[in-house]
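Encoded as structure tokens, the structure appears first; notes follow it.
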């Protein structure tokens with residue numbers, strides 16, 4: 001653990017790898033700033049497969065399924081810069097070649113990359129029990145996230161302006177909450193983030209089926225996610241480009257760990 005606040009396993013790669021990642025990320029960021037491609041809700045939503053890609057790649061790092069030369073690029077938090085640079089470069093390339101097809105092409109490229117990564121992870125040894133509980137977590141999340149989104153947009157109709165990106169943020173954090181609770185209660189996995197671990201270790205709560213006492217963690221995740229989406233509504237309305245982009249980061253903070261949980265449970269439980 002680094003500093004007692006960061007997740008366990010947080011490390012920096014060797015200096016050569018770190019320099020490559022920083023130079024690549026800095027170069028892509030500078031190019032994006034110079035070109036300033038249009039940022040819309042659909043384009044940010046198209047980054048969802050890339051969020052999953054980073055999480056799946058980190059699972060390969062955790063189970064030692066990457067070549068030594070490549071592995072440091074998939075460590076935490078380096079993998080976020082690695083995939084972020086790749087996604088940014090892809091966005092620039094597509095925006096230059098087919099500006100009318102950015103969202104669809106960007107989403108397709110991310111999906112084409114994430115499928116083989118997940119396949120390699122599964123090839124290291126699929127856990128039937130872990131895969132089953134991952135499917136259960138996903139099945140529980142769909143109605144929970146749907147109910148949270150419907151409730152939010154009815155109670156605060158202005159939140160609907162966040163569209164698919166807002167819904168993705170609620171879904172991603174709901175999936176993170178459900179999968180973390182399932183992994184802790186049903187599969188014996190530990191939570192790496194200290195603040196999250198505190199919520200999961202609160203005693204004296206009445207357990208519920210499947211989630212056990214982890215329902216509190218899910219409830220907090222949902223409360224925070226829906227509140228953030230509601231607060232971002234005005235930002236998205238007034239400055240759509242910046243609002244959607246920042247809300248996309250919020251979505252990634254939930255969807256990324258959630259996908260990591262599902263893939264890791266499926267191969268390491």
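Go through region 20-64 and report how many residues are without any contact (Cβ under 8 Å) to a residue 24 or more places away in the chain and not in a helix (DSSP H, G or I).
2
Considering (1) under 19 Å from residue 12 (Cβ atoms); (2) surrounded by 16 or more Cβ atoms within 10 Å (Cβ to Cβ), say which one residue 102 fails and leave the rest.
(1)
Scan (1) crowded, with 19+ Cβ neighbours inside 10 Å; (2) at pLDDT below 95 for the single condition residue 248 breaks and write down its number.
Failed condition: (2).
Using the structure shown, decide if residue 65 is over 20 Å from the mean Cα position of the chain (by Cα) and closer than 21 Å to residue 179 by Cβ.
Yes.
Restricting attention to helices (runs of 4 or more DSSP H) lying wholly within region 177-269, give those where 2 or more residues are closer than 30 Å to residue 42 by Cβ.
In region 177-269, 215-238, 240-268 are the helices (runs of 4 or more DSSP H) which contain 2 or more residues that are closer than 30 Å to residue 42 by Cβ.
Being under 30 Å from residue 226 (Cβ atoms) and either in the same structural domain as residue 169 (by TED's automatic domain parsing) or without any contact (Cβ under 8 Å) to a residue 12 or more places away in the chain (or both) is the requirement here; does residue 83 meet it?
When the stated conditions are applied, residue 83 does not pass them.
The values are calculated or read from the model by the stated rules, or taken from the named source; none is laboratory data. Predicted, not measured: the structure shown is a model, and the values here were computed from it. Here Cβ is always computed from backbone atoms with ideal geometry, including for glycine, and neighbour counts include all displayed protein chains.
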